[in-house]
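One structure is given below, encoded as structure tokens.
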Amino acid sequence: MTAHRNKTEDDITAEVLERFAGTPDPRLRQIMLGLVKHLHAFVKEVELTEAEWFQAIEALTEAGRMCSDKRQEFILFSDTLGVSMVVDLINHRKPDGATESTVFGPFHRLGAPELPAGGNIAPRDKTGTPTLVSGRVLDLDGKPIMDALLDVWQTQSSGLYDSQDEDLGGELHMRGRFRTDAEGRYLIRTVLPVNYPIPSDGPVGRMLRAAGRHPWRPAHIHFVVSADGYEPVTTHIFDRRDEYLGSDAVFAVKDSLICDFEQHGSASGDAVRLGLAPPYYTATFDFRLKPAAEQGATVLDAQRRLAALGQRAAE
Ligand SMILES: [Fe+2]
């Protein structure tokens, strides 16, 4: 057949789809055909101008240049466009009693120290209000899981992650890994989480400003909770009192992850033992893990690959 070269915009779409139709891997074929179909439809629907096309290339180039072991602008794009949460929701459709997941976000770093129960992830934060977060890691029957690993990260009370704070010179802060005891218990010493704006000095920030959107996230603490034989969960706990719970810049709030941070005027229990001076806060949250599904790569593997990608970019 002679290739016809007087192409219309629809001829091109058909030809590109045909070119990908022979992709040997069936899943990759499905993804590429879907991508081309929707991407072409999008460009046609908005009748993208050449100037706008070039602007998009510039924004993506800038996003790529900003990525390092400390910054992931593409995850910010995915988060602020709601794509991360759509992926999360289609991958965790059935309510099954396990702790709900939410976005991983761009601020996880490898190498957080393993700390004992009650270990302080905020030793250099002098302005935050001391806070104890405790609870248990349980299976779906409510049985404790011993030796579960909680990878925890949070902003300082300044609203900055360690990687955003130039005074720390690249040092890790507000991060720790904790193991549960025989009763499945964990105990984390930190400071009260605060709400904070996502980084707005790059193309994502420009997009939010142009759209009249605010960049704020409600106060939260990040967790990846994992244990042998169970499916790991990537999630946050949120402070119930936060004014941004209804308008999180990355759409990550789920009701089951909202938690009460309670203020105490006098010390008792763990606070006395750990030497916390009142006023301080406590929050309690139990994580429930479901048994590991028979599958190859886990979410955790993907997260490690992502972190390694950031490290490579920084070298
Ligand atoms: Fe965060």
Of the candidates Ala210, Ser247, Pro278, the farthest towards the positive dipole end of the chain (Lys/Arg Cβ +1, Asp/Glu Cβ -1, centred on the Cα centre) is Pro278
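Ranking request for peptides 11-18, 274-281: highest mean number of other beta-carbon atoms within 10 Å first, then the rest in descending order.
Numbers: 11-18: 13.2, 274-281: 15.6.
Ranking, from highest mean packing down: 274-281, 11-18.
Arrange the residues His222, His264, His92 by how much accessible surface each exposes, largest first, with a 1.4 angstrom probe. Don't skip to the end; give the middle numbers.
Working: His222 5, His264 45, His92 70 Å².
Sorted descending by solvent-accessible area, the residues read His92, His264, His222.
Roughly how many percent of the accessible protein surface of the stretch 132-186 is carbon and sulfur, given a 1.4 Å probe and a whole-percent answer? Intermediate values should be presented prior to the final figure.
Numbers: 950 of 2310 Å².
Within the stretch 132-186, the accessible surface is 41 percent carbon and sulfur.
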Give the residue list of chymotrypsin sites (Phe, Trp or Tyr not before Pro) in the stretch 1-108 that are DSSP loop and have at most 15 other beta-carbon atoms within 10 angstrom. none
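Rank these residues by their accessible area, most exposed first, probe 1.4 Å: Leu208, Leu149, Leu35. Provide the component values of the computation, followed by the final result.
Working: Leu208 5, Leu149 35, Leu35 90 Å².
Of Leu208, Leu149, Leu35, the descending order of accessible area is Leu35, Leu149, Leu208.
Relative to the Cα centre, what is the charge dipole magnitude of the stretch 107-202, using +1 at the beta carbon of each Lys and Arg, -1 at the beta carbon of each Asp and Glu, and rounding to the nearest 20 debye? Provide the component values of the computation, followed by the final result.
Values: 10 positive and 14 negative charges, 57 e Å.
Using only the charged Cβ atoms, the result is roughly 280 debye.
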Convert each backbone phi in the stretch 273-279 into a coupling constant with the Karplus relation 6.51 cos²θ - 1.76 cosθ + 1.60 (shift: θ = phi - 60°), then list the ³J(HN,Hα) values in order as whole Hz, x for Gly and Pro. 4, 8, x, 7, 8, x, x
Kindly identify the stretch 10-115 as rounded, prolate or oblate by the Cα gyration tensor criterion: order the square roots of the eigenvalues as a ≥ b ≥ c, call it rounded if a/c is under 1.5, otherwise compare a/b with b/c, prolate if a/b is larger, else oblate. oblate
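Can you tell me how the chain classifies by the Cα gyration tensor, rounded, prolate or oblate, using a/c under 1.5 as the rounded cut?
It is prolate, given that a/c is not under 1.5 and a/b is the larger ratio.
Roughly what % antiparallel, to the nearest 5, for the DSSP beta bridges in the chain? Display every interim value, and only then the final one.
Working: 30 of 41 bridges.
About 75 percent, rounded to the nearest 5.
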Farthest toward positive dipole pole in the chain [+1 Lys/Arg, -1 Asp/Glu at C-beta], among Ala227, Leu192, Gln156: Ala227
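Report the charge-dipole magnitude of the stretch 38-173 in Debye, nearest 20, computed about the Cα centre from +1 at each Lys and Arg Cβ and -1 at each Asp and Glu Cβ.
On the way: 11 positive and 23 negative charges, 85 e Å.
Dipole about the Cα centre, nearest 20: 400 debye.
In debye, nearest 20: dipole of the chain around its Cα centre with unit charges on the Cβ of K, R (+) and D, E (-)?
Details: 35 positive and 46 negative charges, 52 e Å.
For this selection, approximately 260 debye.
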Over the stretch 1-114, what relative contact order in percent results from Cα pairs under 8 Å that are six or more residues apart? 16
Residues of type lysines that Lys7 reaches as a straight line, Cα spacing below 28 Å, ignoring anything fewer than 8 places off in the same chain: Lys37, Lys44
Percent RCO, i.e. relative contact order, over the stretch 157-230, from Cα pairs under 8 Å lying at least 6 residues apart: 26
Among Ala252, Ala283, Ala219, which one shows the highest mean-square fluctuation when the chain is modelled as a Gaussian network with alpha-carbon springs under 10 Å? Ala283
Pick from Arg29, Arg93, Arg71 the residue whose mean-square fluctuation is largest in a GNM of the chain, springs joining Cα atoms under 10 Å. Arg29
Simple spin-label estimate for Arg27 and Leu39 in nanometres, 7 Å along Cα-Cβ: 2.0
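Work out which helices of the chain, taken as complete DSSP H runs, extend at least 15 Å along their axis over the Cα atoms and score a mean Kyte-Doolittle of -0.5 or more, then list them.
Numbers: long enough: 9-20 (17 Å, -0.47); 26-46 (30 Å, 0.31); 50-66 (24 Å, -0.22); 299-314 (23 Å, 0.01).
Both cut-offs are met by 9-20, 26-46, 50-66, 299-314.
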Neighbour-limited loop hits for GluC sites (Glu not before Pro), the stretch 181-288 (at most 13 other Cβ within 10 Å; DSSP other than H, G, I, E, B): Glu183, Glu243
What number comes out for accessible area per residue over the chain if the probe is 1.4 Å? Units Å², please. 56
Which shape class applies to the stretch 67-112: rounded if a/c is under 1.5, otherwise prolate when a/b exceeds b/c and oblate if not, where a ≥ b ≥ c are the square roots of the Cα gyration tensor eigenvalues? oblate
Expected unfolding gain across Asp96-Glu171 under the 0.36 nm per residue rule, minus the alpha-carbon gap, is 23.1 nm
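With each run of n ≥ 4 DSSP H residues scored as -39500 (n - 2.57), what mean residue ellipticity at 222 nm is computed for the chain after dividing by its residue count and rounding to the nearest 500 deg cm²/dmol? Write down the numbers at each step before the final one.
Working: 8 runs with 96 residues, N = 315.
Estimated from H runs of four or more residues: -9500 deg cm²/dmol.
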Which length gain, in nm to one decimal place, applies between Ala277 and Lys290 when the Cα-Cα distance is subtracted from 0.36 nm times their residue separation? 0.9 nm
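For the chain, what is the relative contact order in percent, using Cα pairs closer than 8 Å and at least 6 residues apart in sequence? Intermediate results must be reported in sequence, preceding the final value.
Working: 541 pairs, mean separation 65.0, N = 315.
So the answer I get is 21 percent.
The values are calculated or read from the model by the stated rules, or taken from the named source; none is laboratory data. Predicted model only: the values in this text are computed from it and were never measured. Cβ sites come from the backbone with ideal geometry, for glycine too, and all protein chains shown count toward neighbours. Just so you know, the surface numbers come from the protein's heavy atoms only, side chains and all, with ligands and any DNA or RNA stripped out. Shrake-Rupley method; radii C 1.70, N 1.55, O 1.52, S 1.80 Å.
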